[in-house]
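Colleague: Here's a structure for you.
The values are calculated or read from the model by the stated rules, or taken from the named source; none is laboratory data. Computed from a prediction, not measured in an experiment: that's the story for all the values here. Every residue, glycine among them, receives a Cβ derived from its backbone with ideal geometry; neighbour counts consider all protein chains shown. These accessible areas exclude ligands, DNA and RNA; they are computed on the full protein's heavy atoms, side chains included. Shrake-Rupley method; radii C 1.70, N 1.55, O 1.52, S 1.80 Å.
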Amino acid sequence: MKRILTLSLLSAACIASLSAQQFALHEGDRVAFYGDSITAQRFYTRFVEDFVLTRYPSLHVDFVNAGVPGDTVYGGYTGDTTKRLARDLFPHRPTVVTIMLGMNDGYYMPFEQKYFDVYKDGYRKLLAAIQAELPSARIMLISPTPYDEVTHGTEFAHYNETITHYAAFVSELASSSHLGFCGLNRPVSNLLAAGSQKNPSLASLLVPDHIHPSEAAHWVMAAALVQCWGASPIVSSVSIDAASQSVRAQQNTAISGLAVAGGHVAWTQTDAALPLPLQFENAMTPFVLESSDLAAMDRQIVQVKGLSASRYALSIDGHAVGAFSREDLANGINLALYPTPMLDQAKGIDNLERERTALDEARFIVADEDPKAPGAEAAVAGMNAKENLLVSEQRKEVQPKPHRFELTPQ
């Protein structure tokens, strides 16, 4: 993968602006993701949880997945909206609710006003029911993601035009209702367009069935959602001047033990956050990074100026990370895009989250889907106990750790 190395002055200014925003999720919040099969995939929802865990390790937020395959604004195969809300949303008493519906509401046909009117009416009724039961909940409406007619042939011609109409309505409804809004349609559409220009074969895997984004594409959705919540894109940022042997700036990290001798530069760094647990060994991850702005929300910047040699090898805790020119280091490198001990730690958090979301899906199948099996109550109790253990382990594993950095002339 060709890594993104330098940090331009423009992007640095954008990062400074974004990091000043206040994150919309608060201590003790419970977030419920309400939606259809795209939410029930448990990819963007899992990655949002990963983001909160790794970027804000001291923040305690619970998450509930209330997505059901095939759902519409009027419900679906597991029950109508009244049943869905009473079973899947209200008992959790969420303080934050996101709603993403629309993919199934156009019935996979070219735009029809009568179906659009049904969608608008049903969405308003759904929203009114949630607000009546949860009057203090902060609600964010999410536009449906596109139906992919860009990267490969289409099964339902012109259906994305229908989805575009629906996405625009969701934005208008959020504005007129004074609710939060996050547009996921445009980031995924942009990903499809850019990806198809770079590599049509890989682009066709971004939304392989036209409807459900791939796991890697869900990272773009998750990044867009947390950006709508005002999340900081900064994992950490440090600027060191080797010539004066000084730390010029540091953000969300603590630097100690800076030593410059014989052309070598070394320091200990304890970041207050972790990079996103991106799977670089999966070819789709580098492709998505090259075709989107995902990396802009995952900045772990190390800048070292005043170096004498033309090229340096960077190691962290004795493990090779990469080799960089003096100019690269002076401009700043984004360590979030390299194999580091911090990335390994983040991947461990995601592995636990993957187990937790698997339990969540199993619990829905056992407890909510019909027909229900005997002994479901005991099975769910066991799943709940296991989930509590996983959450406790996550909290322990996400805590910051010190790491020793060393730059060696080549």
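Colleague: Could you give the distance between the Cα centres of the stretch 115-163 and the stretch 282-323, to the whole Å?
Modeller: Result: 38 Å between the Cα centres.
Colleague: Rounded if a/c is under 1.5, else prolate if a/b beats b/c, else oblate: with a ≥ b ≥ c from the C-alpha gyration tensor eigenvalues square-rooted, which is the stretch 27-158? Kindly include the intermediate steps, with their values, before the conclusion.
Modeller: On the way: a/c = 2.37, a/b = 1.38, b/c = 1.72.
Oblate.
Colleague: If you don't mind, there's one more thing I want to ask. Can you spot the lysines whose alpha carbon is less than 21 Å from residue 396's alpha carbon? Ignore those fewer than 8 places along the same chain.
Modeller: Answer for residue 396, where 21 Å is the Cα cut-off: 347, 386, listed by chain and number.
Colleague: At a Förster distance of 22 Å, what's the computed FRET efficiency of residue 114 paired with residue 155, Cβ-Cβ distance as r, to 0.05? The partial results should precede the final answer.
Modeller: On the way: r = 22 Å, r/R0 = 1.01.
Plugging the Cβ-Cβ distance into 1/(1 + (r/R0)^6) gives 0.50.
Colleague: Suppose R0 equals 22 Å. What FRET efficiency, 1/(1 + (r/R0)^6) with r the Cβ-Cβ distance, do residue 58 and residue 393 give to the nearest 0.05?
Modeller: The pair residue 58/residue 393 has a calculated efficiency of 0.85.
Colleague: With all protein chains present and a 1.4 Å probe, how do 386, 347, 125 order by accessible area, largest first?
Modeller: 125, 386, 347
Colleague: Please give the length that would be gained between residue 361 and residue 172 if that part of the chain were fully extended, namely 0.36 nm times their separation in residues minus their C-alpha to C-alpha distance (nm, one decimal).
Modeller: Difference between extended and current length: 64.8 nm.
Colleague: Please give the per residue accessible area of the chain, computed with a probe of 1.4 Å over protein heavy atoms only, in Å². If you can, show how the numbers build up before the last one.
Modeller: Values: 17040 Å² over 410 residues.
That works out to 42 Å² per residue.
Colleague: Count neighbours as other Cβ atoms within 10 Å of each site's Cβ, and list the trypsin sites (Lys or Arg not before Pro) in the stretch 49-100 that are DSSP loop with at most 13 such neighbours.
Modeller: Answer in residue order: no site qualifies.
Colleague: I want to check the label-to-label distance for residue 351 and residue 209. Put each point 7 Å from Cα in the C-beta direction and report it in nm to one decimal.
Modeller: About 2.9 nm separates the two model spin labels.
Colleague: Rounded if a/c is under 1.5, else prolate if a/b is larger than b/c, else oblate: which is the chain, with a ≥ b ≥ c the root eigenvalues of its Cα gyration tensor? Don't skip to the end; give the middle numbers.
Modeller: Numbers: a/c = 2.20, a/b = 1.69, b/c = 1.30.
Since a/c reaches 1.5 and a/b is larger than b/c, the shape of the chain is classed as prolate.
Colleague: A further question on this structure: Once you wrap a convex hull around the alpha carbon atoms of the stretch 118-211, what is its projected area averaged over all directions, in nm²?
Modeller: Averaged projected area of the stretch 118-211's Cα convex hull equals 6.8 nm².
Colleague: Still on this structure, please answer the following. Taking Cα atoms, how many degrees apart are the long axis of helix 185-198 and the longest axis of the chain, rounded to 10 and kept between 0 and 90?
Modeller: That helix lies at roughly 60 degrees to the long axis.
Colleague: Fully extended, how many nm does the chain gain between residue 128 and residue 283 (0.36 nm per residue separation, minus their Cα-Cα distance)?
Modeller: 51.5 nm
Colleague: Between 266, 320, 346, find the one with the highest GNM mean-square fluctuation for the chain; connect C-alpha pairs within less than 10 Å.
Modeller: Its mean-square fluctuation being the largest, the pick is 320.
Colleague: Still on this structure: For residue 27, what charge total do you get from the other residues with a beta carbon under 15 Å from its beta carbon, if Lys and Arg give +1 and Asp and Glu give -1?
Modeller: Neighbour charge sum, excluding residue 27 itself: +2.
Colleague: Can you tell me the orientation of helix 376-397 relative to the chain, as the angle in degrees between its alpha-carbon axis and the longest Cα principal axis, to the nearest 10?
Modeller: Tilt relative to the chain: about 20 degrees.
Colleague: While we're looking at this one, here's another question. Just to be sure I understand: with springs between alpha-carbon atoms less than 10 Å apart, which residue in 75, 153, 102 has the highest mean-square fluctuation in the Gaussian network model of the chain?
Modeller: Of 75, 153, 102, the most mobile in the Gaussian network model is 153.
Colleague: Taking only C-alpha pairs under 8 Å that are 6+ residues apart, what is the relative contact order of the stretch 50-145 in percent?
Modeller: Relative CO of the stretch 50-145 lands at 32 percent.
Colleague: So, in nm, how far is label residue 385 from label residue 249 when the simple model puts each one 7 Å beyond its Cα toward the Cβ?
Modeller: Each label point is offset 7 Å from its Cα along the Cβ direction, giving 5.2 nm.
Colleague: Hey, another quick one. Using the alpha-carbon atoms, what tilt in degrees (0 to 90, nearest 10) does helix 215-228 show relative to the longest principal axis of the chain?
Modeller: 90
Colleague: Could you check how much of the accessible area of the chain is carbon and sulfur, as a whole percent, using a 1.4 Å probe?
Modeller: So the carbon and sulfur contribution to the accessible surface is 54 percent.
Colleague: Also, quick follow-up: Given the Cα-Cα distance of residue 272 and residue 24 and 0.36 nm per residue of separation, how much length would full extension add, in nm?
Modeller: Extra length from residue 272 to residue 24 when fully extended: 87.4 nm.
Colleague: Separation of the stretch 219-265 and the stretch 372-400 by C-alpha centroid, Å?
Modeller: One Cα centre to the other: 35 Å.
Colleague: Quote the relative contact order of the stretch 307-410 in percent (integer), defining contacts as alpha-carbon pairs under 8 Å separated by 6+ residues.
Modeller: The normalised contact order for the stretch 307-410 reaches 43 percent.
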